Amino acid sequence: MSYIIRPWALKDLKAVVRLIRESASLHKALDQVKTTPEMLRDDGFREDATFGSLVAEVPPEQRSKEGDTIVGYQFHYLTYCTWDGHILFGEDLYVLPGFRGKGIGSSLLAKAAKIALAKGCSQIRFISANWNQPATDFYTKLGALNVTVQDNWNLCSIEREQIQKLVEQGRK
Ligand SMILES: CC(C)(COP(=O)(O)OP(=O)(O)OC[C@H]1O[C@@H](n2cnc3c(N)ncnc32)[C@H](O)[C@@H]1OP(=O)(O)O)[C@@H](O)C(=O)NCCC(=O)NCCS
């Protein structure tokens, strides 16, 4: 199978949103996906866009039964660690089921690693569901450390309603 890994372009928006939804379905969280192609276009293709995506593309003759030629994506943005400088955060990595086990996932991650080095990052960080053993095996094979276990970190979130409360209760 031949494929290329390249930065996403405006023409990929619909395809990437489809894959984002596939990935969310796998995590039983489709109802939480609020992003639309228009949102990603407005947020992702302006001059000061803070995130980017890589896509894996196969030639038309190798498209999926559903007609996909964009068969995987890796979504990332820069964040910063006060201890260690820039970090590339990998938000999503997804390959369509029929295209797995052919090197596409590791090629997407290798290209993200190239971006991380070019931007002077000290780490690539990401979240992986603890029930997703295939993903854990995949990342372990590629040298990832589980810092939740190793360093006892908890992943925390303050959601929109609580953010609002924090603002309203604003202590001086
Ligand atoms: C995880 C994922 C991105 C891997 O993509 P892929 O294209 O299948 O991976 P590759 O073909 O590059 O495989 C790389 C290595 O990982 C191994 N691997 C891939 N999938 C694996 C699996 N399900 N279980 C165990 N090992 C796996 C391969 O054997 C390969 O090792 P090798 O190079 O020694 O043969 C893909 O399976 C996927 O999209 N899964 C669903 C979404 C997901 O779990 N994303 C990651 C968490 S957010």
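We did not get these values from a lab; they are worked out from the coordinates using the rules stated. The shown structure was predicted, so the numbers you read here are calculated from the model rather than taken from an experiment. Because the Cβ atoms are built from the backbone with ideal geometry, glycine has one as well, and the counts that use them run over all protein chains shown.
Taking a straight line from the alpha carbon of Lys11, not one of the lysines sits under 18 Å away once near neighbours fewer than eight places off in the same chain are left out.
The longest stretch of the chain left intact once loop-based chymotrypsin sites (Phe, Trp or Tyr not before Pro) with at most 13 other Cβ atoms within 10 Å are removed from consideration, loops following DSSP, is 84-130. In sequence order, the range 40-56 has phi-based couplings of 5, 5, 5, 7, x, 10, 8, 4, 9, 4, 9, 9, x, 9, 9, 10, 9 Hz under the Karplus curve 6.51 cos²θ - 1.76 cosθ + 1.60, θ = phi - 60°, and Gly or Pro positions carry x. When the Cα convex hull of the chain is projected onto planes of every orientation, the mean area is 12.6 nm². Near Glu91, the amide H atoms lying under 5 Å from its own belong to Phe75, His76, Tyr77; only residues 5 or more places off or on other chains count, and H is placed 1.01 Å from N.
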